[in-house]
Amino acid sequence: MSGQRKCPDCGSSEIVEDAHYAQNQLVCADCGFILTEGLLTTTFQDEEHLQEVTYSRSTGQNEQLSRCKLRGIKRVQDLCKVLYLPAVFEETALSYFQRAIEHPSFHLVSLEKKEILVGCCVFVTCRQHNWPLTMGTICSLLYADKELFASVYLCVLKELELDVPALSLTDLVKTHLNSFKLFQSSASVPAKFAEDKEKMVARTIQIVELASETWLVTGRHPIPIVTAAAYLAWQSLQPVGRLTCTFPRFCKLAGTDLPPPAHLRLKELNDILLRMASQLAWLRVLNVDKKTVVKHIGDLLQHRHFLLRSSFSSGDTEDQSATAADNDSESSPQAAGCSAQAEGCQPGGKQKCSSVRRPLLPPCLINPRKRLRTAALSPSDQAITGDEAISDSEIEQYLRSQEEMLEFRKAQAWH
């Protein structure tokens, strides 16, 4: 078409007219260099005004998915297959991932966070559909750090403005106990340690509800509490042959990890059960301790609402009852001994009295952490008020001499 024009790349004069997407372009026949680009109307913003732009600015340039996005889509699909999620869940998780990966907040994150982003989209989908799935399960499948996963998860909820309902403790107990290996006798689980799944789940849910009513769940990770409650429920169903089984051995038989705070949660649950047991008349004479209280968990859970009201006092009546008890003990030692026997305490003080009523408060208020005290100021430091007079010698240190003023003016002349 145009023999007068030359290719700027190779210098050839063989310039032909080629139609690309029904648009005419001038192309070098020897090297393929495009001299003029055709005009398209499929644009981001100019399309509504019907303004023609070049192909490099059109939407056709962005039709190909990036390698990172394709890999993330494949990971979402694989994770949904591993968890046996329905097809609806997979579609929802894919839509969340595509929205998140295109958000500016996730453009410059590390590969580790992009991998965690896949798990967050699947986890959000399961939570929205009330599918029992824990964050620990996702982290174990992705080999991800739980704290980093939690931070990315909160960022996804904030940036995508997603609404996720809270997971109930009942669903969490059922999900966590599904992974236990105690429901069928095998080579690693003796017959006396095997337990019926429905009975154990029902008893564990009752103990977790008791923990929730006594402030042991609020503000804490639920897995250690569920693990400790499962241990007590398992022991209480057949206490004869299971009282000698320790907590670490129970977790090993169940095939689950022993969280570090689980021992503390077990101790707190035992304290609550002992306080409740002190209110039952037929248990006061048995000298129930933290090991034997497991035998009576069924009775304690059956009357837990009455026993909780009897074991704990309201905050406004605590001081009055304590003052009245002190006055009675000072006026009559014999009356104090009778009251101690009535509360289930031995008059000699050999057994620790656990029936002294205290308010039902969270553990962080009952046993607050010790705060570090700042070092006391010395008398000389305490005497400094900031209104002291400044001496002339100290003022002269901040005044420039004549030589310093000349040097300063020379330095300013260079700017």
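When the C-alpha to C-alpha distance is required to be over 23 Å, the pairs from K192/K252; K81/K199; K267/K295 that qualify are K81/K199. Cβ under 11 Å from V240's Cβ, V240 left aside: what net charge do those residues give with Lys, Arg +1 and Asp, Glu -1? My count for the surroundings of V240 gives +3. Peptide packing for 231-244, 395-408 was compared via the average number of neighbouring C-beta atoms within 10 Å per residue; ordered from the highest value, the list is 231-244, 395-408. Couplings 3J(HN,Hα) of the stretch 81-90, computed from phi: 5, 5, 8, 6, 8, x, 5, 5, 4, 4 Hz, in residue order, whole Hz [Karplus 6.51 cos²θ - 1.76 cosθ + 1.60, θ = phi - 60°; x for Gly and Pro].
If the chain linking D381 and L108 were pulled fully straight, counting 0.36 nm for each residue of separation and taking away their Cα-Cα distance, it would gain 93.3 nm. Taking amide H positions as modeled 1.01 Å from N, with prolines and chain starts lacking one, the residues under 5 Å from T36 and 5 or more places away or on another chain are L26.
Bear in mind these aren't lab numbers, they're just calculated from the coordinates by the rules spelled out. Remember, it's a predicted structure, so these values are computed and weren't measured experimentally. For neighbour counting, all protein chains shown are included, and Cβ atoms are generated from backbone atoms with ideal geometry for every residue, glycine included.
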